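Notes for the one structure printed next.
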Amino acid sequence: MGQKVDPRGIRLGITRTWDSKWFAEGKEYLNNFHEDLKIREFIKKNYYHAGVSSIQIERTSPTELTIIIDTGKAGILIGRKGAEIEALKGKIENLTGKKVQVKVQEVKNPNKNSQLVAESIATAIEKRVAYKRAVSQAIQRAEKSGVKGIKIAVSGRLNGAEIARSEWTLSGRVPLHTLRADVDYATATAFTTYGALGIKVWIFNGEVLPSKKEGGNA
């Protein structure tokens, strides 16, 4: 049996932080948690084409929300003169019944972002591109953008085969056991005529080392 841990969860507080930044107890925690899921699902479903890589939610008070969206195509999400973002803000306010503030951050290099790489492979496979070609093109783009290592796994009825299988490709190094390693991990699903294919992407962007400050180590 494989003893595998999500590379993101194990690095919380080391090289990455939480996507939801708030504190609550009891029933309030449960309500906030389900509200976060609802918001993320709504944004991802309605703005999948905008290349949304991550959604961070901050709660400053029980009636106020700040949503920070990292996207590869900020122009689509913002819309002409900010019309699209205002519409999104209104929809989320109706969904939650709270005052919402939406901020958009552009992902400078989509080829270094595991979520956007996984989704680009899924989109290519859905357009009937051979999975091996889609994976090799994604790896080439990532290497050009300067990643230290990339690993891509594709599972399911590959090329419509009768028996489902998994295949993975590695370029460079992806040290999953090194906690200070900045490993970006994401999954995506490609819905094809012969079933769903699961795509997993690990991207290694180098090690996060403590910086020395006056008076000892930071």
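Worth a mention:
- Surface share of carbon and sulfur [accessible, 1.4 angstrom probe, percent] for the stretch 73-199: 49
- Estimated distance in nm for a label pair at residue 46 and residue 166, the labels positioned 7 Å out from Cα along Cα-to-Cβ: 3.6
- Point-charge dipole on Cβ atoms (K/R +1, D/E -1) for the stretch 108-218, about Cα centre, debye to 20: 220
- Under 13 Å, Cβ to Cβ, from residue 158 - net charge with Lys/Arg +1 and Asp/Glu -1: +2
- Label point 7 Å beyond Cα of residue 193 along Cβ direction - residues of the stretch 126-170 with amide nitrogen under 11 Å: 128
- Per residue, the average separation of C-alpha pairs within less than 8 Å and at least 6 apart gives the chain a relative contact order of 17 percent.
- Shape parameters for the chain, alpha-carbon atoms, Rg then Dmax in Å: 19.2, 63
- For the chain, the solvent-accessible area works out to 61 Å² per residue, with a probe of 1.4 Å and every protein chain left in place.
- Contour excess over end-to-end distance, with Cα ends at residue 177 and residue 101 and 0.36 nm allotted per residue: 23.6 nm
- A full extension of the chain between residue 23 and residue 109 corresponds to an added length of 27.8 nm, given 0.36 nm per residue minus the alpha carbon distance.
- Coupling constants for the stretch 67-81 follow from the phi torsions by the Karplus curve (6.51 cos²θ - 1.76 cosθ + 1.60, θ = phi - 60°), and in residue order they are 10, 10, 10, 8, 9, x, 10, 4, x, 5, 6, 7, x, 5, 6 Hz; glycine and proline get x.
- Calculated FRET efficiency, residue 123 to residue 68, Cβ-Cβ distance, R0 = 25 Å: about 0.55 to the nearest 0.05.
- Cross-link check: pairs 38/103; 45/91; 108/148; 45/151; 44/73 evaluated at a Cα-Cα cut-off of 20 Å; pairs beyond the cut-off: 45/151.
- Residues with amide H under 5 Å from that of residue 21, placed H, sequence gap 5 or more: 57, 58, 59
- In this structure, the amide hydrogen of residue 207, modeled 1.01 Å from its nitrogen in the peptide plane, lies closer than 5 angstrom to those of 182, counting only residues at least 5 positions away or on a different chain.
The values are calculated or read from the model by the stated rules, or taken from the named source; none is laboratory data. As the structure is a computational prediction, the values presented were derived from the model and not from experiment. Every residue, glycine among them, receives a Cβ derived from its backbone with ideal geometry; neighbour counts consider all protein chains shown. Surface accessibility is based on the protein's heavy atoms, side chains included, excluding ligands, DNA and RNA. Shrake-Rupley method; radii C 1.70, N 1.55, O 1.52, S 1.80 Å.
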